[in-house]
């Protein structure tokens, strides 16, 4: 089988997590890169051993050697780039959230269908090994019937790797981000995991405040699932003066899943505040620690990329399809609408 040639559109900070999926693959390589800054594009070309670099994504799409593209740009650019890539006959992996609204989602899904190409929304959390094991434990009945999932989300200015100011700036502007940086951008991961672990969501109720007038925290988002009384909630805060120990972004995520017979804790993801094993299971009065599980956040990016490559090679639908990406976005938007109105909102009511 021939090697798949990938084109990366957008070469910012987060591509340091996307590129390894190709650099560690025997079935794909980074063939071309695109960034508005020619110096960045050329630097990434050299770093990743690509064949060409460009500042115009349309030039990249015109390259007949490219089989798939990764769209890793600000959210407001996703829809048009995705449609153009599909029409050029390229398989598409688009960074979450896939679009700014449901109408754009529908347009992207239709473009992929009409072109006969794969469309995947890149969301790495569902591939993070402790979360993968968590879902296995739930499905095996390790905690009995699932009751609730709680996401503790914290962030800070301090800790982690350096992020250019312009990368924060577009996330703070709703015309380029689509919503706040906490819930619409980073929070998408947690909404995605809520559906991944417990299934479709019935109703969302949220309260959101603003720190410094722009950061959408503190925030509390609660919801019910359509399956038998399962509930979930996100508790999000921002601690500007706290140092977060992290190799990546200065974010602290912890998860607690409670069932009728036990509890599962995922103690880390992007950052690591707790000196504990990454995954704990409490059942029948005993706590089991999963100490040897892979727990580097980078692993989730690599595994997510390799999943998409397999889907292309084996002609399978990605687990994070365009339709799932739309479903998660409706969940996110339902929370934002609830915060504005003070009333519960059904995700399936969020339409064009």
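The values are calculated or read from the model by the stated rules, or taken from the named source; none is laboratory data. Values in this document were obtained by computation on a predicted structure and should not be read as measured data. Every residue, glycine among them, receives a Cβ derived from its backbone with ideal geometry; neighbour counts consider all protein chains shown.
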Q.
Being buried (at least 17 other Cβ atoms within 10 Å of the Cβ), touching a helix residue (DSSP H, G or I) at 6+ places or on another chain (Cβ under 9 Å) and assigned to a loop (DSSP other than H, G, I, E, B) is the requirement here; does residue 295 meet it?
A. yes
Q) Looking at 193, 242, which one is within 21 Å of residue 263 (Cα to Cα) and in contact with a strand residue (DSSP E or B) (Cβ under 8 Å, 6 or more places away or on another chain)? A) 193
Q) Regarding residue 284, is this residue at pLDDT 95 or above, surrounded by fewer than 17 Cβ atoms within 10 Å (Cβ to Cβ) and over 21 Å from the mean Cα position of the chain (by Cα)? A) yes
(Q) Anything in region 43-59 that is closer than 21 Å to residue 74 by Cβ, surrounded by fewer than 18 Cβ atoms within 10 Å (Cβ to Cβ) and within 26 Å of the chain's Cα centre (by Cα)? List them, or say none. (A) 43, 55, 56, 58
Q: Considering only region 27-42, state which residues are in contact with a helix residue (DSSP H, G or I) (Cβ under 7 Å, 6 or more places away or on another chain) and surrounded by 23 or more Cβ atoms within 10 Å (Cβ to Cβ).
A: 30, 32, 33, 34, 35
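Per-residue answers, yes or no, for (1) assigned to a strand (DSSP E or B); (2) within 23 Å of residue 108 (Cα to Cα); (3) in contact with a strand residue (DSSP E or B) (Cβ under 6 Å, 6 or more places away or on another chain):
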{"position": "274", "(1), (2), (3)": "no, no, no"}
{"position": "282", "(1), (2), (3)": "yes, no, yes"}
{"position": "288", "(1), (2), (3)": "yes, no, yes"}
{"position": "308", "(1), (2), (3)": "no, yes, yes"}
{"position": "313", "(1), (2), (3)": "no, yes, no"}
{"position": "326", "(1), (2), (3)": "no, yes, no"}
{"position": "329", "(1), (2), (3)": "no, yes, no"}
{"position": "333", "(1), (2), (3)": "no, yes, no"}
(Q) Of the residues 90, 96, only one is buried (at least 17 other Cβ atoms within 10 Å of the Cβ) and closer than 17 Å to residue 19 by Cα; which? (A) 96
(Q) Checking the structure you have, find out if any residue of region 108-120 is surrounded by 19 or more Cβ atoms within 10 Å (Cβ to Cβ), more than 20 Å from the chain's Cα centre (by Cα) and free of Cβ contacts under 8 Å to residues at least 60 places away in the same chain. (A) yes
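Here is a yes/no grid of residues against (1) crowded, with 17+ Cβ neighbours inside 10 Å; (2) in contact (Cβ under 8 Å) with a residue 24 or more places away in the chain; (3) over 23 Å from residue 138 (Cα atoms); (4) in the same structural domain as residue 23 (by TED's automatic domain parsing):
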{"site": "240", "(1), (2), (3), (4)": "no, yes, yes, no"}
{"site": "247", "(1), (2), (3), (4)": "no, yes, yes, no"}
{"site": "250", "(1), (2), (3), (4)": "yes, yes, yes, no"}
{"site": "260", "(1), (2), (3), (4)": "no, yes, no, no"}
{"site": "266", "(1), (2), (3), (4)": "yes, yes, no, no"}
{"site": "271", "(1), (2), (3), (4)": "yes, yes, yes, no"}
{"site": "280", "(1), (2), (3), (4)": "yes, no, no, no"}
{"site": "305", "(1), (2), (3), (4)": "yes, yes, yes, yes"}
Q. In a helix (DSSP H, G or I) and touching a strand residue (DSSP E or B) at 6+ places or on another chain (Cβ under 6 Å), is that true of residue 339?
A. yes
